[in-house]
Amino acid sequence: MIELVGIEKSFGDNRVLRGVDLTIQTGESMVIIGGSGTGKSVILKHMIGLLAPDAGSVRVDGQEIGQLSGAALGEFRRRFGMLFQGAALFDSLSVAENVAFGLRAHGGHSNAEIEARVRQRLAMVGLADRAVENRMPADLSGGMKKRVGLARAIATDPTIILYDEPTTGLDPIMADVINRLISETNKKLSVTSVTITHDMKSAYQIADRIAVLYQGKILEVGTPEEIQGSASPIVQQFIHGRSEGPITAGGAA
């Protein structure tokens, strides 16, 4: 279980999070939606311990992240896998080397074990092709980069996976492929997942519950059906992408 209690975070005079409260159950697929610059990525960074809150606490399975440092924090982060917005593959490494990166960094695996794990994870994301393993990121399409990034995220057997705008930059067909892979991966590995996205089709497809972030707080949390039926004009404006409503172009009511 991931628990965010009263999380506040400012960068200079910019108060981004203003008391975020959110509980994510073990094995749940939570999607966080909200406008650009509202702090969705900041929340993910708090979950993995890359940022410390100005106030409030973050707990994972009862462990207060703020109490961890050094080797203990590093060991804690091994529980996470992350698919970055642009896949964030290492340009100088092949597909296989990218997927193997975390396994080699953490140690404790033989070359044969790493090779087998890499091929297994690539197969899980639909890239069971030996020729693909030797390709460089520059030779991959956007969709293939996302799939390699997902294979790398799950290579170390994480219990929690964070997805940062997983369908950004993809055409509708490839976005659907990635959404299906996320749903299948979550079920096969029985992981807890947290996704931030602007893509409502993606949110409805992969979420058990959706949290709406607005003006630094969680405005509403519910199943996709509950969010679609929300009585909040702010929620309705966002999920339908309407220009008219309480949310202005600047993001304020």
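The values are calculated or read from the model by the stated rules, or taken from the named source; none is laboratory data. Nothing here was measured: the structure is a model prediction, and the numbers come from that model. Neighbour counts run over all protein chains shown; Cβ positions are idealised from the backbone, glycine included.
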* Asked: Regarding LEU150, is this residue touching a helix residue (DSSP H, G or I) at 6+ places or on another chain (Cβ under 9 Å), free of Cβ contacts under 8 Å to residues at least 60 places away in the same chain and at negative phi?
  -> no
* List the helices (runs of 4 or more DSSP H) that sit entirely inside the range 76-190 and contain at least 1 residues that are closer than 30 Å to SER36 by Cα and at pLDDT 90 or above. => 95-106, 142-154, 172-189
* **Residue under evaluation THR168, criteria (1) touching a Gly at 6+ places or on another chain (Cβ under 9 Å); (2) buried (at least 19 other Cβ atoms within 10 Å of the Cβ), criterion not met** => (2)
* Asked: Are there any pairs, at least 6 apart or on different chains, whose C-beta atoms fall under 8 Å, with the first in the range 208-222 and assigned to a strand (DSSP E or B) and the second surrounded by 19 or more Cβ atoms within 10 Å (Cβ to Cβ) and among the polar types (S, T, N, Q), and if so, which?
  -> ARG209/SER29; LEU213/THR38; TYR214/THR38
* Among strands (runs of 3 or more DSSP E) lying entirely in the range 1-56, which contain 1 or more residues that are surrounded by fewer than 19 Cβ atoms within 10 Å (Cβ to Cβ) and basic (Lys, Arg)? -> 14-24
* Asked: Any idea how many residues of the range 1-60 are in contact with a Leu (Cβ under 7 Å, 6 or more places away or on another chain) and among the aromatic types (Phe, Trp, Tyr)?
  -> 0
* **Which numbered condition THR192 fails, given (1) touching a helix residue (DSSP H, G or I) at 6+ places or on another chain (Cβ under 7 Å); (2) crowded, with 21+ Cβ neighbours inside 10 Å** => (1)
* Note down all Cβ pairs under 9 Å where the first residue falls in the range 181-205 and is under 15 Å from GLY126 (Cα atoms), the second is assigned to a strand (DSSP E or B) and basic (Lys, Arg), and they're at least six residues apart or on different chains. => none
* To do: Would you point out which residue out of ALA100, ALA88 is within 14 Å of ALA151 (Cβ to Cβ), surrounded by fewer than 19 Cβ atoms within 10 Å (Cβ to Cβ), in contact (Cβ under 8 Å) with a residue 12 or more places away in the chain and small (Gly, Ala, Ser)?
  => ALA88
* Of the residues that sit in the range 228-253 and are crowded, with 16+ Cβ neighbours inside 10 Å and touching a residue at least 60 places away in the same chain (Cβ under 8 Å), which one is nearest to GLU184 (Cα to Cα)? -> ILE239
* Is at least one residue of the range 22-34 under 25 Å from GLY241 (Cα atoms), in contact with a Ser or Thr (Cβ under 6 Å, 6 or more places away or on another chain) and among the aliphatic types (A, V, I, L, M)? -> yes
* Structure fact -> Note on LYS201: of the conditions (1) surrounded by fewer than 15 Cβ atoms within 10 Å (Cβ to Cβ); (2) in contact with a strand residue (DSSP E or B) (Cβ under 9 Å, 6 or more places away or on another chain); (3) not in a loop (DSSP other than H, G, I, E, B), unmet is (2)
